[in-house]
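Enquirer: Pasting a structure below so you can have a look.
The values are calculated or read from the model by the stated rules, or taken from the named source; none is laboratory data. Just so we're clear, the structure is a prediction, and the values are computed from it rather than from any experiment. Note: ideal-geometry Cβ built from the backbone for every residue, glycine included; neighbour counts use all protein chains shown.
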Amino acid sequence: MHPEEGPVAHAAERLAQTFGEAPPTAIVLGSGLGALVSRLGGVREAGFSDLGLPVSSVHGHKGTVIRGTLGAAEVALISGRVHLYEGWSANEVVRYVRALHQWGVKRLVLTCSAGAITYGIEPGALVAISDHVNYQRDNPLIGPAWPGGTRFPDLSVAYSPRMRAILRETAAGQGLPWREGVYGAMTGPSYETPAEIRALRSVGCDLVGMSTVAEMIAAAHIGFEAAAIAVVSNRAAGLASEPLTHDEVMDIAGRAAKQLGDLFEVALVRL
């Protein structure tokens, strides 16, 4: 038996007991994106600890699940996540992904803050992640096999082409600048060195961050359709004139939250 089966089943049961029937879509809010919660109607909220989920120690990751409506769509917002750099295992990081799937959520949209590596991608931009390179030295599939999925999942279309197309078309209709790019996942919590950024660029990464990849691997493994959007919060190390700070990440991501809200209000009914 996988050691996470019990905790995942417990979290899924608590979600059902707390919120009733699962909405079709869940959205995970990355650093600084909690302002999206204010756009929800019919809100019901519960803390991660009450739901059997790990609680983050990072500023900007509140640690709550909010059930409500965004525009005309029923949705669950996951306000915050835990990270490998906090000392959680990859399996604990993705517990909420597996629990949402067991609860009955049909699709998942991950958001995150990321640093820009590719020239021309500026802070404040929205970038759909099309693929990743995993340098986190961990994977939620290491260890006992998770029940119900293949041992060796194909990640070729982990970032759903269908969902990305709908998000891209919606962004175009709203006049929002839109790009797609490859995300380089690092463990953190230190920001990357300029040499590491040059290395990431050399293998085709457009963005860099410290989250998202474990969740996408887990989603693909269990057949959970998922997409990911990065809010570019800063230029990566060696590309900016000022030192990188978490306050900068929070500020720029917070300002981009309105664009994300506008995008989701229209796109969710099409997903």
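Enquirer: Quick check on this structure: which one of Arg81, Arg67 is modelled with pLDDT under 95, charged (D, E, K, R) and at negative phi?
Expert: Arg81
Enquirer: Starting from the stretch 1-20, take each residue that is in a helix (DSSP H, G or I) and list its partners that are surrounded by 15 or more Cβ atoms within 10 Å (Cβ to Cβ) and of a type in the set (Phe, Trp, Tyr), counting only C-beta distances under 8 angstrom and pairs at least six apart or across chains.
Expert: Ala11/Tyr96; Ala12/Trp103; Leu15/Trp103; Ala16/Trp103
Enquirer: Just one of Met216, Met210, Met163 is touching a residue at least 12 places away in the same chain (Cβ under 8 Å), crowded, with 18+ Cβ neighbours inside 10 Å and more than 30 Å from Arg270 (Cβ to Cβ); which is it?
Expert: Of the residues listed, the single one that is touching a residue at least 12 places away in the same chain (Cβ under 8 Å), crowded, with 18+ Cβ neighbours inside 10 Å and more than 30 Å from Arg270 (Cβ to Cβ) is Met210.
Enquirer: Can you give me the number of residues within the stretch 77-102 that are of a type in the set (A, V, I, L, M, F, W, C), surrounded by 24 or more Cβ atoms within 10 Å (Cβ to Cβ) and either over 13 Å from the mean Cα position of the chain (by Cα) or more than 28 Å from Glu21 (Cα to Cα) (or both)?
Expert: 2
Enquirer: Shifting gears a bit: Can you say whether Asp131 is surrounded by 15 or more Cβ atoms within 10 Å (Cβ to Cβ) and in a loop (DSSP other than H, G, I, E, B), as far as the supplied structure shows?
Expert: no
Enquirer: If Ala227 meets every condition in (1) outside any helix (DSSP H, G or I); (2) modelled with pLDDT under 85 apart from one, which number is that one?
Expert: Here Ala227 clears every test but (2).
Enquirer: Also: Could you go through the stretch 105-117 and let me know if any residue there is among the hydroxyl-bearing types (Ser, Thr, Tyr), within 13 Å of the chain's Cα centre (by Cα) and closer than 28 Å to Val203 by Cβ.
Expert: Yes; the residues of the stretch 105-117 include at least one that is among the hydroxyl-bearing types (Ser, Thr, Tyr), within 13 Å of the chain's Cα centre (by Cα) and closer than 28 Å to Val203 by Cβ.
Enquirer: Among the residues in the stretch 62-80, are any under 22 Å from Gln259 (Cα atoms) and in contact with a His (Cβ under 6 Å, 6 or more places away or on another chain)?
Expert: Within the stretch 62-80 (the criterion being under 22 Å from Gln259 (Cα atoms) and in contact with a His (Cβ under 6 Å, 6 or more places away or on another chain)), the answer is yes, since at least one residue qualifies.
Enquirer: Now for a separate question. Can you tell me which of Val213, Val232, Val208, Val157 is touching a helix residue (DSSP H, G or I) at 6+ places or on another chain (Cβ under 9 Å), modelled with pLDDT of 95 or more and under 21 Å from Ala125 (Cβ atoms)?
Expert: Val208
Enquirer: From the set of residues in the stretch 235-258 that are modelled with pLDDT of 75 or more and surrounded by 18 or more Cβ atoms within 10 Å (Cβ to Cβ), which is farthest from Leu40 (Cα to Cα)?
Expert: Checked the stretch 235-258; the qualifying residue farthest from Leu40 (Cα to Cα) is Arg235.
Enquirer: Scan the stretch 134-154 for residues that are outside any loop (DSSP other than H, G, I, E, B) and out of contact with any helix residue (DSSP H, G or I) (no Cβ under 8 Å at 6 or more places or on another chain) and jot them down.
Expert: Listed by number, the list is empty, since nothing qualifies.
Enquirer: Now, a different point. Sort out which residues of the stretch 181-190 are of a type outside the set (A, V, I, L, M, F, W, C), closer than 23 Å to Ala128 by Cβ and assigned to a loop (DSSP other than H, G, I, E, B), and write them in order of number.
Expert: Gly188
Enquirer: Within the stretch 21-47, restricting attention to residues that are crowded, with 18+ Cβ neighbours inside 10 Å and in a helix (DSSP H, G or I), which residue is modelled with the highest pLDDT?
Expert: Arg39
For every residue, the table says whether it meets (1) of a type in the set (S, T, N, Q); (2) out of contact with any Pro (no Cβ under 8 Å at 6 or more places or on another chain); (3) within 21 Å of Met163 (Cα to Cα).
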position: Gln17; (1), (2), (3): yes, yes, no
position: Gly30; (1), (2), (3): no, yes, yes
position: Leu33; (1), (2), (3): no, yes, yes
position: Ser57; (1), (2), (3): yes, yes, no
position: Thr64; (1), (2), (3): yes, yes, no
position: Val82; (1), (2), (3): no, no, no
position: Gly87; (1), (2), (3): no, yes, no
position: Ala90; (1), (2), (3): no, no, no
position: Gly104; (1), (2), (3): no, yes, yes
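Enquirer: Please go through (1) closer than 26 Å to Gly261 by Cβ; (2) out of contact with any Leu (no Cβ under 8 Å at 6 or more places or on another chain); (3) crowded, with 23+ Cβ neighbours inside 10 Å; (4) of a type in the set (S, T, N, Q) for Thr111 and return the number of the only condition it doesn't satisfy.
Expert: So the condition that Thr111 fails would be (2).
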